[in-house]
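Nothing in this text is a laboratory measurement; each read-out follows from the coordinates by a stated rule. Nothing here was measured: the structure is a model prediction, and the numbers come from that model. Here Cβ is always computed from backbone atoms with ideal geometry, including for glycine, and neighbour counts include all displayed protein chains.
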Amino acid sequence: MSEAAPATWPDGVARHILDRVDSTNAEAMRLAPHLSGPAWILAHRQEAGRGRRGRAWADPPGNFAASLVLRPAGGAAEAAKLSFVAALALHEALIHLCGPHLNVALKWPNDVLLNGGKLSGILLESAGAGGQVSTLVIGIGVNLAGAPEAAQVEATALRPVSLKGETGLTITPEEFLDALAVAFDQWQRQLQTYGFAPIRQAWLARAARLGETITARTGKVEVTGVFEGIDESGALILATPRGKQAIPAADIYFSGG
């Protein structure tokens with residue numbers, strides 16, 4: 001159902017709050033043809049939440065599960081840059097709600113870390129034709145209230161953490177959505193006005209393990225090197241014994257986990 005937005009809510013953006021859904025991304029795709037503009041879809045309970053590469057996303061009660069539907073102009077490369085906008089918006093919303101001393105960082109390509117553990121993930125899905133993206137859905141999950149047990153995630157993955165577990169703070173999904181929507185709108189306007197360069201700079205200022213040795217894994221191929229930054233397309237730049245490599249998509253692993 002649609003719900004009245006708070007006074008600070010960005011103009012022209014719809015707000016839908018659902019009790020239960022299979023996945024907010026799936027619901028967003030179903031709603032997209034009927035929407036006249038951007039819309040956030042928040043669900044109190046996801047029954048089939050998804051992470052990257054088809055992985056299941058655990059979604060205990062009280063956690064944040066929402067998707068933003070957009071109709072971007074351009075192709076997949078431009079749409080992908082909105083993942084960095086989403087990450088910056090998540091970082092800003094967390095700082096706004098929890099205070100400036102929160103130990104939060106951004107992990108390429110689309111995770112948010114709290115005290116070194118995984119707090120949040122971002123999943124982009126799109127539809128279109130002829131190389132153009134007609135609908136983009138940005139799915140965001142945040143462990144506000146609880147996190148999966150370590151045994152529920154891959155052995156090499158970062159430990160999952162929750163905001164309440166790490167800080168003792170209780171933030172409701174609606175409170176988080178209000179802060180996130182405002183932050184996303186502001187960062188998206190920066191991207192539209194000034195291009196990707198300031199988004200890239202802001203993301204790197206909040207990046208986890210910048211300047212350290214990390215491993216990028218795509219399928220069975222692994223590349224280990226020093227994380228030097230991201231390029232103008234958002235690809236990861238690693239300095240390796242064979243020279244610098246730009247990696248457009250991969251899973252990232254840190255030393256020791």
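Observations on the model:
- Long hydrophobic helices in the chain: the complete DSSP H runs spanning 20 Å or more by Cα along their own axis with mean Kyte-Doolittle hydropathy of at least 0.5 are 82-98.
- For the range 211-225, 3J(HN,Hα) per residue [Karplus equation, 6.51 cos²θ - 1.76 cosθ + 1.60, θ = phi - 60°, Hz, x = Gly/Pro]: x, 10, 7, 9, 10, 9, 10, 10, x, 9, 9, 10, 10, 10, x
- Counting other Cβ atoms within 10 Å as a rough exposure proxy, the listed residues 244, 81, 220 run 220, 244, 81 from fewest neighbours to most.
- Distance-filtered residues of the range 157-176 - backbone nitrogen under 13 Å, label point 7 angstrom along residue 115 Cα→Cβ: 159-169
- Reach of residue 244 by Cα under 21 Å, taken over lysines that are not fewer than 8 positions away in the same chain: 107, 220
- Nearby lysines by direct alpha-carbon distance to residue 164 (threshold 18 angstrom, same-chain neighbours under 8 apart not counted): 118
- Using only the C-alpha atoms, the convex hull of the range 140-236 corresponds to 143 Å³ per residue.
- Loop-resident sites, the range 18-119, for GluC sites (Glu not before Pro), counting at most 10 other Cβ within 10 Å (DSSP): 47
- Linear extension gain, residue 20 paired with residue 149, 0.36 nm per residue minus alpha-carbon span: 44.2 nm
- Computed on the range 213-254, the Cα convex hull volume stands at 60 Å³ per residue.
- Calculated from backbone phi, Karplus (6.51, -1.76, 1.60) coupling profile of the range 9-23 in Hz, x at Gly/Pro: 5, x, 5, x, 10, 7, 9, 10, 10, 10, 6, 8, 7, 5, 8
- Top positive-direction residue, dipole computed over the range 213-254 with Cβ charges, set 236, 225, 246: 225
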